[in-house]
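Read the structure below first, then the notes.
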Amino acid sequence: MASILVSSSEKYSGKSSICMGLGKIFRDKGYKIGYMKPVGNLLIDVNGSLTDEDAEGIKEMLGLDDPTKLITPIHLTDSLIDDALKGVKKDLDERLLEAYSRISEGKDLILIEGTGGIGGGAMYNLSDPEIASKLGTKMLLITRFDSVYAVDRILCDLRIIQDQNILAGIILNEVPSDMMERVTELVIPFLEKKGIRVFGMLPLDETLRSVPISEIVEGLRAEVLVGADKLEEFVDNYLVGAMEAGSAIKYFRRIPNSAVITGGDRADIQMAAIESKVKCLVLTGNMLPSGAVLASAEEADIPVILVRGDTMTTIERMEELIGHAHIKQQVKLDRIVDLLEKNVDLRSIAESIGLEF
């Protein structure tokens with residue numbers, strides 16, 4: 001049986017989407033796939049049981065039937081952290097090894113997802129390199145290439161890993177289009193001279209960053225005023241309507257598929273957003289718009305949602321939602337599979353863990 005631990009330099013680097021994409025690709029090749037996220041850090045309640053949101057999403061999207069308690073055997077609760085700080089002995093290693101053993105039964109490949117950044121869990125001896133060592137698996141490092149300083153993060157990660165033999169290689173993720181040439185000509189050769197294998201780079205992709213309006217409604221705890229039948233439409237960006245109405249239409253039209261956030265009392269901005277055919281109108285301050293605005297939005301098939309918080313708080317929450325969206329839709333799974341197949345040396349990843357491709 002083969003296995004690989006998908007780790008990352010930082011949070012929101014794309015570990016979950018790449019785990020999901022690799023799982024589908026190898027499953028379609030005929031391999032029996034298993035998946036684990038040993039330490040759950042995005043805890044949610046599902047039917048009265050605590051589980052990890054990423055793990056639950058991957059289990060559902062890949063149609064896995066292993067019990068949730070084995071997929072995520074350890075939960076990162078305040079109690080766990082307090083016990084680690086107090087030096088209280090826990091059976092964490094035993095739980096990890098038992099779950100891994102049972103998940104592995106009848107499987108050809110186990111994908112193991114790390115927790116947050118690569119060093120997360122060190123206080124209770126379950127950082128990603130420590131988990132990889134305990135399970136006897138190699139690591140695939142995902143780094144979000146937001147700037148050239150991502151190279152520094154990669155080199156620091158190697159110092160955390162210590163044993164470079166445990167690292168199968170890396171994937172550079174979310175590379176902006178204007179940096180592709182520099183990454184290809186300078187960054188990848190530099191890393192390879194350092195003995196770091198680069199399996200490929202994935203471009204920054206709006207489909208993967210996008211979020212359905214329904215998740216915005218849920219995330220903002222918003223009330224839907226009109227357009228309830230359009231909530232599965234996707235939003236790629238958000239814009240803030242705080243300018244003069246005369247400038248707003250050009251601004252809104254310049255960036256398509258956007259949600260516009262503005263005060264509930266800014267009827268001029270609201271009408272400009274509707275005229276610009278934005279994807280969604282988010283009104284802050286719990287202030288109802290005029291009947292004319294609602295009628296215009298309904299006629300244009302543009303959802304209008306109302307939130308209690310102020311504009312700044314809403315912007316901060318929207319920043320968390322867009323760009324950090326979980327893959328819960330088939331269109332996103334298909335997109336990450338397509339990106340991996342076109343931009344990553346999947347055969348070399350398979351060979352690094354002893355699989356044919």
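The values are calculated or read from the model by the stated rules, or taken from the named source; none is laboratory data. All figures in this text were calculated on a predicted structure; none of them were measured in a lab. Using ideal geometry, Cβ is built from the backbone for each residue, glycine included, and neighbour counts are taken over all protein chains shown. Remember, those area values only see protein heavy atoms, side chains included, never the ligands or the DNA or RNA. Shrake-Rupley method; radii C 1.70, N 1.55, O 1.52, S 1.80 Å.
Only a single criterion out of (1) out of contact with any Ser or Thr (no Cβ under 9 Å at 6 or more places or on another chain); (2) charged (D, E, K, R); (3) closer than 25 Å to V344 by Cα is not satisfied by D54, namely (1). Contact map, segment 27-47: residues that are under 12 Å from L64 (Cβ atoms) paired with residues that are open to solvent by 50 Å² or more (accessible area, probe 1.4 Å) and part of a loop (DSSP other than H, G, I, E, B), Cβ distance under 6 Å, separation 6+ or inter-chain. Pairs shown: K32/D108. Filter segment 116-170 down to the residues that are without any contact (Cβ under 8 Å) to a residue 40 or more places away in the chain and in contact with a Leu (Cβ under 8 Å, 6 or more places away or on another chain), then identify the one that is least open to solvent (accessible area, probe 1.4 Å). Residue satisfying both the conditions and the ranking: I170. Residues satisfying the criterion are present in segment 315-334 (criterion: open to solvent by 40 Å² or more (accessible area, probe 1.4 Å), closer than 24 Å to K59 by Cα and acidic (D, E)).
Could you say which residue among I33, I44 is over 14 Å from the mean Cα position of the chain (by Cα) and open to solvent by less than 40 Å² (accessible area, probe 1.4 Å)?
Numbers: I44 fails: open to solvent by less than 40 Å² (accessible area, probe 1.4 Å).
The conditions single out I33.
A search for C-beta distances below 8 Å between a residue of segment 345-356 that is touching a residue at least 60 places away in the same chain (Cβ under 8 Å) and any residue that is open to solvent by 70 Å² or more (accessible area, probe 1.4 Å) and of a type in the set (G, A, S), counting only pairs 6+ apart in sequence or on different chains, returns nothing.
Scanning segment 167-196 for residues that are among the hydrophobic types (A, V, I, L, M, F, W, C) and under 18 Å from the mean Cα position of the chain (by Cα), which turns out farthest from T313 (Cα to Cα)?
Quick first cut of segment 167-196, residues among the hydrophobic types (A, V, I, L, M, F, W, C) only: 167-168, 170-172, 175, 179-180, 183, 186-188, 190-191, 196.
If we keep only those that are under 18 Å from the mean Cα position of the chain (by Cα) too, we end up with 170-172, 175.
Working: I170: 36, I171: 34, L172: 32, V175: 29 Å.
Among them, the one singled out is I170.
Looking at segment 289-312, can you tell me whether even one residue there is assigned to a helix (DSSP H, G or I), open to solvent by 60 Å² or more (accessible area, probe 1.4 Å) and closer than 30 Å to V183 by Cα?
Of the residues in segment 289-312, the ones assigned to a helix (DSSP H, G or I) are 291-299, 311-312.
When the remaining residues are screened for being open to solvent by 60 Å² or more (accessible area, probe 1.4 Å), the result is 292, 298-299, 312.
Adding the requirement that they be closer than 30 Å to V183 by Cα leaves none.
Checked segment 289-312: no residue is assigned to a helix (DSSP H, G or I), open to solvent by 60 Å² or more (accessible area, probe 1.4 Å) and closer than 30 Å to V183 by Cα.
If you go through segment 293-343 and keep only what is in contact with a Ser or Thr (Cβ under 7 Å, 6 or more places away or on another chain), at pLDDT 90 or above and among the basic types (K, R), you end up with just R335. One residue stands out among those in segment 71-109 that are of a type in the set (V, I, T) and buried (at least 21 other Cβ atoms within 10 Å of the Cβ): the one that is farthest from the chain's Cα centre (by Cα), which is I103. Scanning segment 275-288 for residues that are open to solvent by 40 Å² or more (accessible area, probe 1.4 Å) and on the phi > 0 side of the Ramachandran plot turns up K277, N286.
Only residues that are more than 23 Å from L339 (Cβ to Cβ), assigned to a strand (DSSP E or B) and touching a Leu at 6+ places or on another chain (Cβ under 6 Å) were counted across segment 1-39, and they come to 1. The residues of segment 197-238 that are among the β-branched types (V, I, T) and within 24 Å of the chain's Cα centre (by Cα), listed by number, are V198, T207, V211, I213, I216, V217, V235.
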